[in-house]
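Asker: The structure's right below; bear with me while I get my questions together.
Just so it is clear, none of the values below were taken in a lab; they were calculated from the coordinates. Not measured: the values here are computed from a predicted model. A quick note on method: Cβ atoms are made from the backbone with ideal geometry, for glycine too, and the neighbour counts reach across all protein chains shown.
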Number of protein chains: 2
Amino acid sequence: MKRLHEKMEQDGRVLSEHVLKVDSFLNHQIDPQLMKEIGEEFARLFEGAGITKIVTLESSGIAPSVMTGLVLGVPVVFARKRQSLTMTDDLLTADVYSFTKETTNRIAVAQSFLSEDDTVLIIDDFLANGQAALGLMDIVKQAGSKIAGIGIVIEKSFQDGRALLEREGVRVESLARIESLHDGKIQFKVEVHQ
Amino acid sequence: MKRLHEKMEQDGRVLSEHVLKVDSFLNHQIDPQLMKEIGEEFARLFEGAGITKIVTLESSGIAPSVMTGLVLGVPVVFARKRQSLTMTDDLLTADVYSFTKETTNRIAVAQSFLSEDDTVLIIDDFLANGQAALGLMDIVKQAGSKIAGIGIVIEKSFQDGRALLEREGVRVESLARIESLHDGKIQFKVEVHQ
């Protein structure tokens, strides 16, 4: 997605060969207009897939998901990283290991918001090791819902997340794919969806 | 806001005299179309206030804020409840006490996203004791930004949050004001903005 690539080049900051900081438009400060365009692009890519619900993870997945949900006309459910006091319902949970933080987080979705009749689009801001996406897939499967695919805003293609997800037989669409972050520069992978 | 009132009556669940659960359209599952209308309403209320930035708190403040930011054409910054690994910048922080959880949480915004030139609209999903809003105000003041006002989706008018905020001289606009939650029913306060 051209606008996203441009934004990443202009405002992203390469902190190391593994870390691209995009907190000026995606992770901490959010560019609503860009989110709208991202939502339109995900909606276009998954048009006709019969999606009835979007599932994402708090917090950075919420903005692109809500914009996608607006275009597709479907609700968004965000998995919580910590159980809130009023989450008294039956929960579907999965444990997600973070390689960067070296911790395991339990993520949770109330059972009542997913059913066997749902066809789910999973959306997340980043795909690196794929652990968060696998956790979301796990939850969606527990609910008996179908998974139409996974929409990723930024994929670090030099990590093994995509391979792990594709091994599960799921369709993965990433709006930007990073081949490498050598010498402080973003090298994009050749894009199919531009 | 009429549509919000209707949604609360239809899908909100009164768990006690103090707790209204709205996780089917605001706090866990999100209704994107309703968020769009909420964004339009906040934008209408604060039109002409010269807003340059919206500040909110993860996670439930993000969806209404991004929709408001889209209409006003300004970025959204969400304060984080836990510091992320890549938040290496100078941080503005405030401590927020939660009466329900009886814990204090430090919330943080990177200094680089707020300046003396900014006029900020603070948005949050709920106003109860006002502690989160006061924490956000504290952060915005530390940055030297002006505060145009506070936009609240649902106010529990039987708690003292609004009084605390108004004592600070700040404009508070709530799209729904709950007078009471007696007998499992939502009693709304008389609305100015319907």
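Asker: Any idea how far apart A:Arg44 and B:Ala163 come out in nm if each label point goes 7 Å out from Cα toward Cβ?
Answerer: 5.4
Asker: Quick check: residue separation of B:Gln10 and B:Val190 times 0.36 nm, minus the Cα distance between them. What number comes out in nm?
Answerer: Gain on stretching B:Gln10 to B:Val190: 62.9 nm.
Asker: Please compute, for peptide A:32-39, the average count of beta-carbon atoms on other protein chains lying within 10 Å of each residue's beta-carbon.
Answerer: What the average comes to for A:32-39 is 4.
Asker: Here's another thing I want to ask about it. Given Cβ point charges of +1 (Lys, Arg) and -1 (Asp, Glu) and nothing else, what value in debye, to the nearest 20, does the dipole of the stretch B:2-188 about its Cα centre take?
Answerer: 140
Asker: Another question, if that's okay. Amide H to amide H under 5 Å from A:Gly130: which residues, 5+ apart in sequence or cross-chain, H placed 1.01 Å off N in plane?
Answerer: Under 5 Å from the amide H of A:Gly130 lie the amide H atoms of A:Gly161, each far enough along the sequence or on another chain.
Asker: Largest first, please: the extent of the C-alpha atoms of the protein assembly as shown along each principal axis, to the nearest Å.
Answerer: 56, 49, 35
Asker: Where a ≥ b ≥ c are the square roots of the eigenvalues of the C-alpha gyration tensor, would you call the stretch A:91-194 rounded, which needs a/c under 1.5, or, failing that, prolate if a/b is larger than b/c, or oblate?
Answerer: oblate
Asker: Right, another one. When DSSP beta bridges are limited to those with both residues in the protein assembly as shown, what percentage is antiparallel, rounded to the nearest 5?
Answerer: 40
Asker: Next question, about the same structure. What average count of beta carbons from other chains do you get within 10 Å of the Cβ of residues in A:69-75?
Answerer: If you average over the peptide's residues, the count of other-chain Cβ atoms is 4.
Asker: Under the Karplus relation 6.51 cos²θ - 1.76 cosθ + 1.60, θ = phi - 60°, what is the ordered set of whole-Hz ³J(HN,Hα) values for the stretch B:176-182, x standing for Gly and Pro?
Answerer: With the stated coefficients, the stretch B:176-182 comes to 9, 10, 8, 6, 7, 10, 5 Hz.
Asker: Which far-off residues, 5 or more places away or on another chain, put their amide H under 5 Å from the one on A:Gly61, with H placed in the peptide plane?
Answerer: So A:Gly61 has HN proximity to A:Asp125.
Asker: Using only Cα atoms, find the angle between the long axis of helix B:62-72 and the longest principal axis of chain B, and express it within 0 to 90 degrees, rounded to the nearest 10.
Answerer: Relative to chain B, helix B:62-72 is tipped by roughly 70 degrees.
Asker: Which far-off residues, 5 or more places away or on another chain, put their amide H under 5 Å from the one on A:Ile147, with H placed in the peptide plane?
Answerer: Answer set, sorted by chain and number: A:Val120.
Asker: Moving on to the next point. Give a residue-ordered list of calculated ³J(HN,Hα) values for the stretch A:118-134 (Karplus: 6.51 cos²θ - 1.76 cosθ + 1.60, θ = phi - 60°; whole Hz; x for Gly, Pro).
Answerer: 3J(HN,Hα) across the stretch A:118-134, in whole Hz: 8, 10, 10, 9, 8, 10, 9, 6, 10, 10, 10, 8, x, 5, 5, 5, 4.
Asker: Regarding the stretch A:28-119, what's the average projected area of the Cα-atom convex hull, expressed in nm²?
Answerer: It is 7.3 nm².
Asker: HN-Hα J couplings of the stretch B:21-27 from phi, Karplus 6.51/-1.76/1.60, θ = phi - 60°, integer Hz, Gly and Pro as x?
Answerer: The phi angles translate into 9, 10, 7, 8, 9, 9, 9 Hz.
Asker: If you don't mind, there's one more thing I want to ask. Over chain B, one equal point on each Cα, no solvent: what is log10 I(q)/I(0) by the Debye formula at q = 0.15 Å⁻¹?
Answerer: -0.88
Asker: Among all stretches of chain A without exposed GluC sites (Glu not before Pro) (DSSP loop, at most 16 other Cβ atoms within 10 Å), which one is longest?
Answerer: Here the longest segment lacking exposed loop sites spans A:48-101.
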